[in-house]
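For reference, the structure is listed below as structure tokens.
The values are calculated or read from the model by the stated rules, or taken from the named source; none is laboratory data. This one's a predicted model, so the numbers in the text were calculated from it and none came from an experiment. Backbone-built Cβ (ideal geometry, glycine too); neighbour counts: all protein chains shown. Only protein heavy atoms, including side chains, enter the accessible area calculation; ligands, DNA and RNA are left aside. Shrake-Rupley method; radii C 1.70, N 1.55, O 1.52, S 1.80 Å.
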Amino acid sequence: MHFLMDYLKPYVRRMTGGMVCKFLGTIMDLLIPALLAYMLDSIVPTQNRQQIYLYGGLMVLCSILAWMGNVFANRVAAGVARDCTRRIRHDLFGKITHLTAEEIDRFTIPSLISRMTTDTYNVYRMTGMMQRIGIRAPILLIGGIIVTMTRDAALSALLVALLPFMALIVWFISRMGVPLYSEQQKNVDHLTRIVRENLTGIRIIKALSKTDDEKRRFSTINEALAASETKAASVMAVNGPTMQFLLNMGLVLVLVVGARRVNLGLTGPGNIIAFISYFTIILNAMLTITRILTMYSKALASARRIEEVLTGKEETAPDALPVLDETAPHIQFDHVTFSYNKKATDVKDLSFSLNRGQRLGILGPTGAGKSTVIKLLLRLYDPDKGVIRIQGADIRELPLETLRRMFGVVFQNDALFQGNIGDNIRLGREISMEEVDRAIADAQASFIAEKGGLEAEVVSRGQNFSGGQQQRMLLARALAGSPEILILDDASSALDFKTEASLRAALRQGYANTTTIIIAQRISAVMQCDQILVMEDGVPMGLGTHQELMQSCPLYREIAQLQLGGDADE
Ligand code: ADP
């Protein structure tokens, strides 16, 4: 919750203004029954009409002032809540983009989405509510009690006797609430994940007629979420009626005791009417406070989830650029070992070295750790052991911007963004028209001209293009920045053989100075590389040229024979 205070700090003046208005408005509300009692007990018996009008007028004035104060304060409250939440969301989004890949794995993406959306919404509701009724209710409660005390101490004693019971209920709610709502938000995460998976995989789900299974999967979590909501709501629901019961009992006692006191001449009937008004005010204030507590428990659970992200680990890198050694290998892996979960090894003792302009092919079955090698090189994850160097410098000593600007990357499952083709290729970089055209030509993406050129619309995730077309646009995006290092992770899997061959030729001719790493399933895509790395289960099984590996690496030979048949020895 600490962070929320920091976010509210800039609004202290605005909030104070709002609170003062709220305070004055609420005091006006409290005055009205007192004026009524005075009128009934002291002025009506005198039959002085002028005085009656005067006090009636005063009551109207109080109502108007109360209304104005409350409206103004509520506007301020809404404004502060809005501005504060906007800043939290802004920072949260910024923070998420800087989280380390490990932290993102830890939070999970669906959970980050619900933290960005429902959790910030809960905090928004609370900050608004706290300023509106969070101020008003205690003033009404305390003010009401004070006024009743001064009017008739004996009757007020009844009220005071109820307070410990009420306090007990309030304590009970605040203790129970937070864990129940934390549980509920976890289920929201889970639901978001299932919906997200379902929508991303909607085609495959339909194709395999898994719709019913998916419905069942969704129902399970939907019911779990409903159950946790019901549980939280039923615990919270106990307090409202209990409070009301206690206060109604109090009201009955006030009437009984009050009637006796009027009979005995100790007090006037107007006083009893005022007392009952105050009692109702106090009752409502008490109920409101329990409602606030419910909201508060919910928002506290949410605030903790937001704070977890805001204090999450960020990617760190030095700002200063070290001296790069032109004579050192462009990319060098030096006995690199890495594990995602720090148990099973995903890349084991990998060493290789590439000079500028050389091409490395990585071949191996799925799950072999090929993409992980790339993630390590891009510093999405840091190796557990060993060093990765670029021109002699440990990549941990390079500023992240510098490091990542060196690369042009096409990842497996990469996606296009909503917008037009031009924006998707440029991706916010300063890239000249000629460069874009050249990249499109090299990426074999001539179909773009037929589709209406760079202005042609791309829907979210590029769904209005075929898989092969998407892949070529992604290739154009990677090539357009004229990167020093080009990484193609399964980037030509959706291309036909002829197009793939043209792509390979274009890359060889136009990018002789670009160090290239190609991950592929097909041996034909990597066969001509200067070095080929064969991986299986995270273990480097062989490193060398096609000819060398045909001699020395049984796994490579097996793959080659399987894919190339009799041509393998060419
Ligand atoms: P490849 O690219 O060869 O298909 P990957 O490098 O993607 O294989 O994956 C290698 C291994 O690492 C796999 O066993 C995979 O399950 C695991 N892995 C990949 N990404 C993660 C991640 N973010 N968290 C945990 N394990 C991962």
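In the chain, carbon and sulfur make up what percent of the accessible area (probe 1.4 Å)? Kindly include the intermediate steps, with their values, before the conclusion.
Values: 16820 of 28650 Å².
Carbon plus sulfur share of accessible area: 59 percent.
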Q. Cα axis of helix 497-510 to longest principal axis of the chain: angle in degrees, 0 to 90, nearest 10?
A. 80
Q) What are the ³J(HN,Hα) values, in whole Hz, obtained from phi via the Karplus relation 6.51 cos²θ - 1.76 cosθ + 1.60 with θ = phi - 60°, for each residue of segment 27-39 in sequence order, with x given for Gly and Pro? A) 4, 4, 4, 6, 6, 4, x, 5, 4, 4, 4, 4, 4
Q: State log₁₀ I(q)/I(0) for the chain at q = 0.05, 0.09, 0.12 Å⁻¹ as given by the Debye formula over alpha-carbon point scatterers of equal weight, solvent excluded.
A: -0.39, -0.85, -1.22
**Q.** segment 215-317 shape via C-alpha gyration tensor axes, a/c threshold 1.5
**A.** oblate
Q. Assigning unit charges at the beta carbon (Lys, Arg +1; Asp, Glu -1) and nothing else, what dipole magnitude in debye, to the nearest 20, does segment 331-567 show about its Cα centre?
A. 240
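Normalising by the residue count of the chain, find the relative contact order in percent from Cα pairs under 8 Å and 6+ residues apart.
14
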Q) Suppose R0 equals 60 Å; then what is the FRET efficiency for Tyr121 and Asp496 from their Cβ-Cβ distance, rounded to the nearest 0.05? A) 0.80
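Evaluate E = 1/(1 + (r/R0)^6) for Arg405 and Asp325, where r is the Cβ-Cβ distance and R0 equals 25 Å; express this FRET efficiency to the nearest 0.05. Display every interim value, and only then the final one.
Details: r = 19 Å, r/R0 = 0.76.
E between Arg405 and Asp325, to the nearest 0.05, is 0.85.
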Q. Does anyone have the angle between helix 269-310 and the longest principal axis of the chain? Alpha-carbon axes, 0 to 90°, nearest 10?
A. 10
**Q.** Nitroxide proxy distance, nm - points 7 Å out along Cα→Cβ at Thr366 and Ala207
**A.** 1.2
Q. How large is ³J(HN,Hα), in whole Hz, for each residue of segment 438-454 in order, when computed from phi with the Karplus curve 6.51 cos²θ - 1.76 cosθ + 1.60 and θ = phi - 60°, using x for Gly and Pro?
A. 5, 4, 5, 5, 5, 7, 6, 9, 5, 4, 4, 4, 5, 7, x, x, 5
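State, as an integer percentage, the relative contact order of segment 331-567 based on alpha-carbon contacts under 8 Å between residues 6 or more apart. Could the numbers behind the result be given before it?
Details: 446 pairs, mean separation 66.2, N = 237.
Relative contact order here is 28 percent.
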Q. Dipole of segment 331-567 (Lys/Arg Cβ +1, Asp/Glu Cβ -1, origin at the Cα centre): which of Ile518, Val458, Val534 lies farthest to the positive side?
A. Val534
Q | Sites matching trypsin sites (Lys or Arg not before Pro) across segment 173-263 that sit in DSSP coil, with at most 15 neighbouring C-beta atoms within 10 Å | A | Lys210
Q | DSSP-defined antiparallel bridges as percent of all bridges, the chain, nearest 5 | A | 55
Q) What is the extension gain from Met249 to Thr280, computed as 0.36 nm multiplied by their sequence separation minus the C-alpha to C-alpha distance, in nm to one decimal? A) 10.0 nm
Q) Quick one: Karplus J couplings for segment 49-56, per residue in order, coefficients 6.51, -1.76, 1.60, θ = phi - 60°, nearest Hz, x for Gly and Pro? A) 4, 4, 4, 4, 4, 4, 5, x
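Jot down the per residue volume, in cubic angstrom and as a whole number, of the convex hull over the alpha-carbon atoms of segment 331-567. Could you put the intermediate results ahead of the total?
Values: hull volume 30.0 nm³, N = 237.
Dividing the Cα hull volume of segment 331-567 by its residue count gives 127 Å³.
Below 8 Å, C-alpha to C-alpha, sequence gap of six or more: please give me the relative contact order for segment 423-492 in percent. List each step's numbers first, then the result.
Details: 55 pairs, mean separation 33.5, N = 70.
With pairs under 8 Å counted, the relative contact order is 48 percent.
Roughly how many Å² is the accessible area per residue of the chain, as a whole number, for a 1.4 Å probe? Each step should come with its number before you reach the end.
Working: 28650 Å² over 570 residues.
Ligands and nucleic acids excluded, the figure is 50 Å² per residue.
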Q | Rounded to 10°, Cα long-axis angle of helix 554-564 versus longest principal axis of the chain | A | 80
Q: Search the structure for amide H atoms under 5 Å from the amide H of Ala456, placed 1.01 Å from N in the peptide plane, and list their residues when 5 or more places away or on another chain.
A: Ile421, Gly422
